[in-house]
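The values are calculated or read from the model by the stated rules, or taken from the named source; none is laboratory data. Everything quoted here is computed from the prediction, not taken from an experiment. For neighbour counting, all protein chains shown are included, and Cβ atoms are generated from backbone atoms with ideal geometry for every residue, glycine included.
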Amino acid sequence: MANIGITKMSSKGQIVIPKELRKGIKEGEEFIIIKDKNRIILKNTKDFNENIKEDLEFAKRTEDAWQRIEAGKGIKMDFDAFINKMKKW
């Protein structure tokens with residue numbers, strides 16, 4: 001199941017990863033950042049080479065989903081219904 005957090009960018013361009021999402025990440029670890037339009041993917045470099053195919057597939061599926069949403073083909077639901085649906089994945 002995916003975890004979701006909310007953060008914001010500082011005046012220095014820094015973004016804090018919420019505490020609940022930092023579990024298992026150590027100080028000094030390096031990340032690759034992929035930006036496409038308004039989406040950002042953050043990937044730990046130690047996993048990048050091993051999972052590049054999976055990452056590219058995820059990026060494509062995410063792009064396809066955004067295109068469906070922008071075309072008005074998305075599904076609207078309240079937050080609790082969304083979380084319950086995510087737990088079933």
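For the reader, a short list of remarks on this structure follows.
- Residues of the stretch 1-26 satisfying the condition of being loosely packed, with under 11 Cβ neighbours inside 10 Å, of a type in the set (K, R) and assigned to a loop (DSSP other than H, G, I, E, B): K8, K12, K23, K26
- Qualifying residue in the stretch 50-58 (condition: modelled with pLDDT under 85, loosely packed, with under 10 Cβ neighbours inside 10 Å, assigned to a loop (DSSP other than H, G, I, E, B) and among the polar types (S, T, N, Q)): no
- Residues located in the stretch 32-49, provided they are exposed (fewer than 10 other Cβ atoms within 10 Å of the Cβ) and either within 15 Å of the chain's Cα centre (by Cα) or at pLDDT 80 or above (or both): I33, K35, K37, N38
- E29 being of a type in the set (D, E), surrounded by 10 or more Cβ atoms within 10 Å (Cβ to Cβ) and assigned to a loop (DSSP other than H, G, I, E, B): yes
- Pairing each residue of the stretch 4-26 that is closer than 26 Å to N84 by Cα and among the hydroxyl-bearing types (S, T, Y) with any residue that is at pLDDT 90 or above and not in a loop (DSSP other than H, G, I, E, B), provided the two are 6+ apart or on different chains, yields C-beta distances under 8 Å for T7/I15.
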